[in-house]
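The values are calculated or read from the model by the stated rules, or taken from the named source; none is laboratory data. Keep in mind the model is a prediction, meaning the values are calculated, not measured. FYI the Cβ positions are ideal-geometry reconstructions off the backbone, even for glycines, and counts take in every protein chain you see. Surface accessibility is based on the protein's heavy atoms, side chains included, excluding ligands, DNA and RNA. Shrake-Rupley method; radii C 1.70, N 1.55, O 1.52, S 1.80 Å.
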Amino acid sequence: MTQQVKPYGSWKSPITSDLMVSETIGLGQIAIDGEDVYWIEGRPAEAGRTVIVRRTPDGQTIDIAPPPFNVRTRVNEYGGGAYCVADGIVYFSNFADQRLYRLIPGSQPQPLTPEAKMSYADAVIDRQRNRLYAVREDHTGEGQEAVNTLVSINLENGEDVRVLVAGNDFYSSPRLKPDGSQLAWLTWNHPNMPWDGTELWVAQINLDGSLGESQLVAGGADESIFQPEWSPDGILHFVSDRSGWWNLYKKAPVEGEGLGLTEPLCEMEAEFGLPQWIFGMSTYAFDANRIICTYTQQGIWHLASLDTTTGKLQQIETPYTEITSLKAVAGRVAFIAGSPTEFSSIVQMDLTTGQSSVLRRSSKLEIDTGYLSIAQPIEFPTENGLTAYGFYYPPQNHDFTAPEGELPPLVVKSHGGPTAATSSQLNLRIQYWTSRGFAYLDVNYGGSTGYGRAYHQRLDGLWGIVDVDDCVNGAKYLCEKGLVDENRMAIAGGSAGGYTTLCALTFRDVFKAGASYYGVSDLEALLRDTHKFESRYFDRLIGPYPERQDIYHERSPIHFTDKLSCPIIFFQGLEDKVVPPNQAEMMVDVLRSKGLPVAYVAFEGEQHGFRRAENIKRVIDGEFYFYSRVFGFELAHPVEPIAIANL
């Protein structure tokens, strides 16, 4: 087939915003109950409603909790762990009122907890005592910081709620020993985030459901513990980064020593854990005397079997490079997985035969691989003689080629968090750009997880510097390789990635345009307005406040708009509690008054991130339209125009 010659950016692509929002869903939090598999679906086409889906052994899928129920919790604002299931009965958090509901098959959901300013997450069922253990966030104290506790709730009478553990700032991961005798949990305090330092505690459970004396098992201010779990025979396991990498450990029983000694199971330079931005995350589960686990090295995830007796790790071959939310029971494992050519999917594998099946794909689309750009892991030099990482995507569309000698424009993506990581799995948001003739660089800058504790600690005290340097140096690296046009490079990011974007555009002169999705422009304003979970996050990333107010000022783009000299587009949810709208609006006003091209697209009813199909479509097309005007290329598809001031 003869390719048409068209400038980069002007290629016609079948990967449209309409296609993405109409055919794509989000997948999350797997649970297995008997023979049934459950998971979460986020549906843009249903105004962003989040639904629990049950799949029965005969292949039927059933929505759990009908409209208008929306299964989301606001604990720590980011939520996660919004439901649990036992013996076919589902307990879930409803977003509108944050109450817990019980759903018995064949009936309508019934409220379990009373109406109050309370949110619940990460629940586990105790059938012996007919109670539910959960993290509770109490917002009844007007004008005060929310109070987080571990609570026990009577499953017959939700009014009977008892506080089991209190006094610390945060709790997560209540886990019940199989015989019901003990409860394990994680806790941490300001200014730590859970990837900085957490503590693992265990307590006996009394007959009345109260807790006996608690025992500190592992962790501390400089050790991050992730996902405590009890093995079927009652041995406590957990992930710790005490070696510099999130590896698996267990408490080896010693007579007269209580829980026993901490013993590493498989020491290696790999991450078996994740930053706990949300509740309910899982990277391993038990299958008899072995652990089925997933771990990441150099940004690629692997599935493996770990013998708990010998410590031997054996690879389980899969076609996937991203594997999360892993659950196992009775010879089978379920997880969420994707690859550079496969959409994120719910996958179930028979551990005896090795056969796997896809239960649900995040998209039903079948994309011709001729339009897909495959993620290329890259390493590039950055400041202080160090190395940074990312995934590079060259332009790809088998219908088109560019005029000889033309180099493609580039979008550099700065992920959120900033303690998070990007992945190599198929992402239509990226393919939207590459199939139109853009190059794309998804950066795992210093501070990202997945490369060891030392790598994510590179950002300590240096947020707004290390992340910006790595994004800038990634772009320069591609320029030096002759892969992109240095005069048409843009940077984009959301939340913390939006802050990195605004810093790069303010304090560096490499990028010629940018897009900020609910990004931070004034660090002090963010401190005043943000929610409890992140209210002391910046102590480590920047410095204690107000003692180091000078640094907050120095690294806030809003104070240095005189340095800005390129166009920016802002996207913002008007109900965002994490990064309030005034963060974007202050920057927009200044840019408008300076005469720089600027656009502001705000959405009623959206919070931190966009969930409604029409809004997702608007931001995808809007950013592309903005660059078409700034970089001067023709659109192959009609796109709803964005109002751009000063252009």
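A few notes on this one:
- Using the Stokes-Einstein relation with a Kirkwood hydrodynamic radius computed over Cα pairs, the translational diffusion coefficient of segment 248-349 at 37 °C and a viscosity of 0.692 mPa s comes to 225 µm²/s.
- Over the chain, the Kirkwood radius and the radius of gyration, each from Cα atoms, give a ratio Rg/Rh of 0.96.
- q = 0.09, 0.17, 0.21 Å⁻¹: log10 I(q)/I(0) that the Debye formula gives for segment 317-438, counting C-alpha atoms only: -0.35, -0.98, -1.22
- Computed from the C-beta positions of N646 and R548, the FRET efficiency with R₀ = 45 Å rounds to 0.80.
- Anisotropy class of segment 138-183 from Cα gyration tensor, a/c 1.5 cut: oblate
- Looking at segment 293-342, the accessible area is 39 square angstrom per residue; that uses a 1.4 Å probe and ignores ligands, DNA and RNA.
- Rg and Dmax of segment 389-492, Cα atoms only, in Å: 14.5, 47
- Ordering of 315-328, 553-566 by packing is 315-328, 553-566, highest average first (other Cβ atoms within 10 Å, averaged per residue).
- Scattering profile of segment 1-151 at q = 0.14, 0.17, 0.20, 0.21 Å⁻¹ [log10 I(q)/I(0), Debye over alpha-carbon scatterers]: -0.73, -0.98, -1.28, -1.37
- Dipole moment magnitude, nearest 20 debye, segment 438-486 about Cα centre, only Lys, Arg, Asp, Glu C-beta charged: 200 debye
- For segment 388-448: rounded, prolate or oblate by the Cα gyration tensor [a/c cutoff 1.5]: prolate
- Its Cα centre serving as origin, the chain has a Cβ charge dipole (Lys and Arg +1, Asp and Glu -1) of approximately 880 debye.
- Accessible carbon and sulfur surface of the chain relative to its total accessible area, %, 1.4 Å: 47 percent
- Sequence-ordered 3J(HN,Hα) estimates for segment 66-80 from the Karplus curve with 6.51, -1.76 and 1.60 and θ = phi - 60° stand at x, x, x, 4, 10, 7, 8, 10, 10, 4, 6, 6, 8, x, x Hz, glycine and proline given as x.
- Area accessible to solvent at E486, 1.4 Å probe radius, in Å²: 110 Å²
- Taking label positions 7 Å along the Cα-Cβ direction at both D63 and T310, the computed distance is 4.9 nm, reported to one decimal.
- Protection proxy ranking, peptides 302-310, 460-468, average beta carbon neighbours within 10 Å, highest first: 460-468, 302-310
- Cα long-axis angle, helix 466-480 against the chain (0 to 90 degrees, to the nearest 10): 50 degrees
- HN-Hα J in Hz across segment 323-332 - Karplus 6.51, -1.76, 1.60, θ = phi - 60°, x for Gly and Pro: 9, 9, 6, 7, 9, 9, 6, 6, x, 9
- Global geometry of segment 492-647, whether rounded, prolate or oblate, following the gyration tensor of its Cα atoms and the 1.5 cut on a/c: oblate
- 20 °C / 1.002 mPa s Stokes-Einstein diffusion coefficient of segment 278-335, Kirkwood radius on C-alpha pairs, µm²/s: 183 µm²/s
- Dipole moment magnitude, nearest 20 debye, segment 46-107 about Cα centre, only Lys, Arg, Asp, Glu C-beta charged: 100 debye
- Taking 0.36 nm per residue of separation and subtracting the Cα-Cα distance, full extension of the segment from D562 to R508 would add 18.2 nm.
- A straight chain from L574 to E383 at 0.36 nm per residue would run longer than the Cα-Cα distance by 65.0 nm.
- The chain, relative contact order in percent, only Cα pairs under 8 angstrom and at least six apart counted: 11 percent
- The chain, helix-only ellipticity at 222 nm - DSSP H runs n ≥ 4, -39,500 (n - 2.57), divided by all residues, nearest 500: -4000 deg cm²/dmol
- Charge dipole of the chain about the Cα centre (unit charges at C-beta), most positive-ward option of Y389, S593, P174: S593
- Options S22, V37, G59, ranked by Cα towards positive dipole end of segment 1-87, top entry (Cβ charges): S22
- Efficiency of FRET from Cβ geometry, A47 and E480, R₀ 35 Å, rounded to 0.05: 0.15
- Distance between segment 422-471 and segment 521-547 - C-alpha centres, whole angstrom: 22 Å
- Fraction of beta bridges assigned by DSSP in the chain that are antiparallel (%, nearest 5): 80 percent
- Taking the longest Cα principal axis of the chain as reference, the axis of helix 496-507 is set at about 30 degrees.
- Model label sites at A166 and D36, defined 7 Å from Cα along the beta-carbon direction, differ in position by 3.5 nm.
- Full-stretch length increase - T341, D368 - with 0.36 nm per residue and alpha-carbon distance subtracted: 8.7 nm
- Each of L236, L216, A270 was scored by the projection of its Cα onto the charge dipole of segment 209-292, and the greatest displacement toward the positive side belongs to L236; charges sit on the C-beta of Lys, Arg, Asp and Glu.
- Acute angle (nearest 10 degrees) that the helix 613-631 long axis makes with the longest principal axis of the chain, alpha-carbon atoms: 30 degrees
- Cα→Cβ-extended label distance, 7 Å offset, between Q298 and E614, nm: 4.7 nm
- FRET E, pair E142, Q110, Förster distance 25 Å, beta-carbon r, rounded to 0.05: 0.25
- The percentage of C-alpha pairs in segment 416-573 whose separation is greater than 25 Å is 29%.
- Computed over Cα pairs, the Kirkwood radius of segment 62-135 leads via Stokes-Einstein (0.890 mPa s, 25 °C) to a diffusion coefficient of 198 µm² per second.
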